[in-house]
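Asks: Have a look at the structure that comes next, please.
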Amino acid sequence: MSQRGLRIVYMGTPDFAVLPLKRLVEAGHRIVGVVTNPDKPAGRGQQLQESAVKKYAREAGLRILQPERFRSEAFLEELRGLEADLQLVVAFKMLPEVVWSMPRLGTVNLHASLLPDYRGAAPINWAVMNGEKISGVSTFLLKHEIDTGNVIFQEKVAITEEMTAGDLHDCLMEKGADLLLRTVEAIEAGDYPLQEQHVLLNGREPIHAPKIFKEDMKIDWAKPLEVLYNHIRGLAPFPAAWTELRHRVSGTVVALKVFKSERIACEHNYRVGEIVAHGGKSFEVYVHGGILRILEVQLAGKKRMTTEEFLRGFRLEEYQIQ
């Protein structure tokens, strides 16, 4: 396959970053290097695992760089030696200026939101958790402040009421791959827009999407029905919403991840947080504004399962929500 003119260095690590790279390679773009995370031990055997991007890059015969530190002179010298015209960043770490300013055409980032909103590490999760109806992908040029560079192109995606963060991830991955290819080809042609994000904000504050910590994932059963429903689907399948169940007699506390639920808006006379099991097939939690029917869960140390499977081996009536 003949290769196009621009020399491109691609930077990414997880599954989300594989498809955009694949589209660029298949379109004949010249990927002179792929930068990804170092191999890390994982699993019970703590065997070294390659990143998803590395696996694809190796199969495609691309040159791979795995720096421990971006500022190390050895890495910077190797990166300079690639003589990139353009760098592309997808789902990767923050880069020091010495790296992102290196190519003559700059460094383009693909971000999983409609910038300037949902800047930060977890835009997909927060968009669903916040009950947004629209999300999308943006390409922009990197600058000093995270996710604040001039926007090149954007593509919108509708978020349905049943969509989880995992569903949105897959949808944005497809849209993002197409958008990044379009962006590279526009830059190659020298004809592309640049929109300043502060102009897009029009005087308002942007919505942020910070890194999600364990306490952000905990279910607060005092919240309204719709908020709880969005919280669960916005964290599914990863990192997953969780709650605690306390044994009514012994006081033993067990953690329970919740992956899927359905909401039933209604009035009721139950105490908020009350659990009711139904015939060994499902259980419901009564909250402000209605009932949350729990459909898929996971006990610590166990596999993900339906609530029917869960209730076969767990005496829910002996527990209450912590």
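Asks: When you check residue 146 against the structure, is it free of Cβ contacts under 8 Å to residues at least 40 places away in the same chain, open to solvent by 10 Å² or more (accessible area, probe 1.4 Å), among the hydrophobic types (A, V, I, L, M, F, W, C) and out of contact with any Leu (no Cβ under 6 Å at 6 or more places or on another chain), yes or no?
Replies: no
Asks: Working only within segment 17-41, note down all residues that are of a type in the set (Lys, Arg) and at pLDDT 95 or above.
Replies: 22, 23, 30 - these are the residues of segment 17-41 that are of a type in the set (Lys, Arg) and at pLDDT 95 or above.
Asks: Considering each residue of segment 95-141, count those that are hydroxyl-bearing (Ser, Thr, Tyr) and out of contact with any helix residue (DSSP H, G or I) (no Cβ under 7 Å at 6 or more places or on another chain), and give that number.
Replies: 2
Asks: Hey, any hits in segment 35-53 for a residue that's under 25 Å from residue 186 (Cβ atoms) and of a type outside the set (A, V, I, L, M)?
Replies: no
Asks: With 100, 126 as the choices, which residue is modelled with pLDDT of 95 or more, closer than 22 Å to residue 78 by Cα and aromatic (Phe, Trp, Tyr)?
Replies: Testing whether each residue is modelled with pLDDT of 95 or more, closer than 22 Å to residue 78 by Cα and aromatic (Phe, Trp, Tyr) leaves just 100.
Asks: Same structure again: How many residues, within segment 279-322, are at pLDDT 95 or above, under 21 Å from residue 251 (Cα atoms) and among the small types (Gly, Ala, Ser)?
Replies: 0
Asks: For the list (1) on the phi < 0 side of the Ramachandran plot; (2) within 18 Å of the chain's Cα centre (by Cα); (3) surrounded by 14 or more Cβ atoms within 10 Å (Cβ to Cβ); (4) of a type outside the set (Val, Ile, Thr), I need the number of the one condition that residue 91 fails.
Replies: Going through the list (1) on the phi < 0 side of the Ramachandran plot; (2) within 18 Å of the chain's Cα centre (by Cα); (3) surrounded by 14 or more Cβ atoms within 10 Å (Cβ to Cβ); (4) of a type outside the set (Val, Ile, Thr), residue 91 breaks only (1).
Asks: On to the next question. Restricting to segment 281-299, what's the tally of residues that are part of a strand (DSSP E or B), in contact (Cβ under 8 Å) with a residue 24 or more places away in the chain and either buried (at least 22 other Cβ atoms within 10 Å of the Cβ) or not charged (D, E, K, R) (or both)?
Replies: So the answer is 13.
Every residue, every condition in (1) over 19 Å from the mean Cα position of the chain (by Cα); (2) exposed (fewer than 13 other Cβ atoms within 10 Å of the Cβ), yes or no:
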| position | (1), (2) |
| --- | --- |
| 160 | no, yes |
| 171 | no, no |
| 190 | yes, yes |
| 202 | yes, yes |
| 206 | no, no |
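Asks: Only residues that are in contact (Cβ under 8 Å) with a residue 60 or more places away in the chain, crowded, with 18+ Cβ neighbours inside 10 Å and assigned to a loop (DSSP other than H, G, I, E, B): list them for segment 122-143, please.
Replies: 122
Asks: Moving to a separate point now. Is it fair to say residue 304 is open to solvent by less than 20 Å² (accessible area, probe 1.4 Å), under 25 Å from residue 15 (Cα atoms) and among the basic types (Lys, Arg)?
Replies: So residue 304 does not fit the description; no.
Asks: Follow-up. Within segment 277-310, count every residue that is among the aliphatic types (A, V, I, L, M) and more than 18 Å from residue 232 (Cβ to Cβ).
Replies: Residues in segment 277-310 being among the aliphatic types (A, V, I, L, M) and more than 18 Å from residue 232 (Cβ to Cβ): 1 in total.
Asks: Looking at segment 261-279, which of its residues are assigned to a strand (DSSP E or B) and in contact (Cβ under 8 Å) with a residue 12 or more places away in the chain?
Replies: Passing the criteria: 261, 262, 263, 264, 265, 275, 277.
Asks: Is there a residue being open to solvent by less than 20 Å² (accessible area, probe 1.4 Å), modelled with pLDDT of 95 or more and within 20 Å of the chain's Cα centre (by Cα) anywhere in segment 55-77?
Replies: No: segment 55-77 contains no residue that is open to solvent by less than 20 Å² (accessible area, probe 1.4 Å), modelled with pLDDT of 95 or more and within 20 Å of the chain's Cα centre (by Cα).
Asks: Could you tell me how many of the residues in segment 245-260 are part of a strand (DSSP E or B) and either open to solvent by less than 70 Å² (accessible area, probe 1.4 Å) or closer than 19 Å to residue 129 by Cβ (or both)?
Replies: Matching residues across segment 245-260 total 10.
Asks: Give 245, 179 a once-over and let me know the one that is under 30 Å from residue 297 (Cα atoms) and either at pLDDT 95 or above or of a type in the set (Phe, Trp, Tyr) (or both).
Replies: The match here is 245.
Asks: Please verify whether segment 219-236 includes one or more residues that are assigned to a loop (DSSP other than H, G, I, E, B), closer than 17 Å to residue 114 by Cβ, in contact with a helix residue (DSSP H, G or I) (Cβ under 6 Å, 6 or more places away or on another chain) and open to solvent by less than 70 Å² (accessible area, probe 1.4 Å).
Replies: Checked against the condition, which is being assigned to a loop (DSSP other than H, G, I, E, B), closer than 17 Å to residue 114 by Cβ, in contact with a helix residue (DSSP H, G or I) (Cβ under 6 Å, 6 or more places away or on another chain) and open to solvent by less than 70 Å² (accessible area, probe 1.4 Å), segment 219-236 yields no hits at all.
Asks: What is the residue count in segment 2-51 for residues that are basic (Lys, Arg) and open to solvent by less than 60 Å² (accessible area, probe 1.4 Å)?
Replies: Result for segment 2-51: 1.
The values are calculated or read from the model by the stated rules, or taken from the named source; none is laboratory data. Computed from a predicted structure; not experimentally measured. Here Cβ is always computed from backbone atoms with ideal geometry, including for glycine, and neighbour counts include all displayed protein chains. The protein model used for the area step is the full one, side chains on, heavy atoms only, and it has no ligands, DNA or RNA in it. Shrake-Rupley method; radii C 1.70, N 1.55, O 1.52, S 1.80 Å.
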